[in-house]
Amino acid sequence: MNATKQIVLLGAGHAHVYIIKHWQQSAAPNAQLTVVTPRAEHIYSGMLPGLIAGKYQRAQCELHVARLLKNNAVNWIQASAQHISAASQVITLDTGKQISFDTLSIDIGRAVNKLELDRRIPGATEHGLCIHPIDDFATQWPAVLARLRQKPQSVVVVGAGASGVEIILAVAKALSLSQTKAGLTLIAGTRGLLHNYSPMAKRLTREVLKRAGVQVIEQHCVGLTSDALSLHGGLRLKCDLAILATGGHAPTVLTPSGLSLNDYGYIRVNEYGQSHSHPNVFAVGDASASTPYPHPRSGVYAERAGPPLRRNLVASANRRSLVAFKPPKRTLNLLNLSNGSALATWGRWAACSRLFWWWKNAIDKGFIAKQLQRVPQKEVPKPAPNVGTS
Ligand SMILES: Cc1cc2nc3c(=O)[nH]c(=O)nc-3n(C[C@H](O)[C@H](O)[C@H](O)COP(=O)(O)OP(=O)(O)OC[C@H]3O[C@@H](n4cnc5c(N)ncnc54)[C@H](O)[C@@H]3O)c2cc1C
């Protein structure tokens, strides 16, 4: 008789949530699935701007991993990985415990590398409020907002990618609801506003930012103190609150793991989602870097990886051949503009509409609701739609 294979899912990111939910339908009787994740629930990032703007209550944005794990024949260890040894197939947890695996799948997203952030923006971690980890940001936000509402303030968001734009517009909305006067600035760096979006998307977003009273500065932030921000070129900008939306980094736990990583520290994977260096290790979502199919990091790619990853984990437990997974070339992105409309982009095309906000809201709420629905035993899961909402 074959020994039971230990499959460990590290992190409860988008793809792993799908696997946890559908594990009972997987034909892998000789495998035991264990999930290692630090939180019983976490905030769904697509809804964070709505939470900041007061559109949602926190409970509406929470993905309940613990509830999902119930009755799904999956073990849950509430912990964070502190060290991964791909060679000896052991993970050391922050609880001090060690667990071993036959097959490991990593879906731990991105993190903030504080050393790296302070190297780029001295004073950033001491004086700035970072949007990563999203759960910590969401916890701090009500007190931050209450402080902002006490007297006129100047608020700066550093980083003008999709999340920076969504965050400054959400802050503008939250303050306007309480008629709080505030100076609002978006620091877009020399790459500028939404640097990887089309000219049409940039033009539309610029108009929305202007209407919301947000000033856009296309210079790099090079330092932060308790009451000011320094820009490249010597300019100092008074600021009472600096929110850092400069994008995450590869989790530092990956660095000494022995796994093959790209130049930025993300796990290099092939078309099966399998590590280049260790075939019994899979990686998906923001923590991975697909070498045959490079793509942007977003929740929609992470979510789409769930069904093929499940097939490949089952195949690896049963010694069957793996299935290649080709991510979509482009996705429809929906940005919450916090003015009752959303910006939709598809390649170079872009448009703003209330209808797009209605759609984004339905997708995001549907995502949370879908995770909590029970799956009938024989259901063949459908792949998620090819739509990203930021
Ligand atoms: C403000 C904001 C808004 C966004 N909006 C959208 C959007 O609308 N649509 C979209 O497609 N994308 C959006 N994104 C991007 C999206 O959040 C990420 O691309 C997506 O969450 C990545 O998913 P993932 O599965 O890789 O990991 P995540 O969803 O980040 O999940 C990682 C999991 O791993 C766990 N974990 C982390 N470290 C460890 C460890 N050491 N040990 C164990 N567990 C660990 C975490 O607790 C978490 O459960 C947004 C991002 C931001 C910042």
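Annotations for the structure displayed:
- Selected residue (criterion: nearest to the ligand (Cβ to nearest atom)) from residues of region 3-42 that are part of a helix (DSSP H, G or I) and surrounded by fewer than 22 Cβ atoms within 10 Å (Cβ to Cβ): His22
- Some residue of region 343-351 being modelled with pLDDT under 95 and of a type in the set (A, V, I, L, M): no
- Region 36-45, residues that are at pLDDT 95 or above and within 16 Å of Gly247 (Cα to Cα): none
Here is a yes/no grid of residues against (1) open to solvent by 80 Å² or more (accessible area, probe 1.4 Å); (2) in contact (Cβ under 8 Å) with a residue 40 or more places away in the chain; (3) farther than 19 Å from Ala289 by Cβ:
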site: Asn75; (1), (2), (3): no, yes, yes
site: Ser80; (1), (2), (3): no, yes, yes
site: Ser85; (1), (2), (3): no, yes, yes
site: Ser88; (1), (2), (3): no, no, yes
site: Leu93; (1), (2), (3): no, yes, yes
site: Lys97; (1), (2), (3): yes, no, yes
site: Thr103; (1), (2), (3): no, yes, yes
site: Ile108; (1), (2), (3): no, yes, no
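- Of all residues in region 265-306, those being open to solvent by 20 Å² or more (accessible area, probe 1.4 Å) and closer than 24 Å to Met47 by Cβ number 8.
- Count - residues of region 307-342 that are surrounded by 14 or more Cβ atoms within 10 Å (Cβ to Cβ) and either in a helix (DSSP H, G or I) or away from the ligand (no atom under 16 Å from the Cβ) (or both): 15
- Residue, nearest to the chain's Cα centre (by Cα), within region 173-188, restricted to residues that are crowded, with 21+ Cβ neighbours inside 10 Å and of a type in the set (Gly, Ala, Ser): Ala188
- Note on region 226-277: enclosed strands (runs of 3 or more DSSP E) holding 3 or more residues that are at pLDDT 95 or above, under 25 Å from Asp102 (Cβ atoms) and in the same structural domain as Thr291 (by TED's automatic domain parsing) are 267-269.
- Considering region 113-137, the residues that are touching a helix residue (DSSP H, G or I) at 6+ places or on another chain (Cβ under 8 Å) and hydrophobic (A, V, I, L, M, F, W, C) include one that is farthest from the ligand (Cβ to nearest atom), namely Ala124.
- Among the residues of region 346-370, the ones that are within 12 Å of the ligand (Cβ to nearest atom) and touching a helix residue (DSSP H, G or I) at 6+ places or on another chain (Cβ under 6 Å) come to 1 in all.
- If you go through region 43-74 and keep only what is outside any helix (DSSP H, G or I) and closer than 22 Å to Arg310 by Cα, you end up with Tyr44, Leu63, His64, Lys70, Asn71, Asn72, Ala73, Val74.
The values are calculated or read from the model by the stated rules, or taken from the named source; none is laboratory data. Note that the structure is predicted; figures quoted are calculated from it, not measured. Neighbour counts run over all protein chains shown; Cβ positions are idealised from the backbone, glycine included. Just the protein is used for accessible areas: all its heavy atoms, side chains included, with ligands, DNA and RNA removed. Shrake-Rupley method; radii C 1.70, N 1.55, O 1.52, S 1.80 Å.
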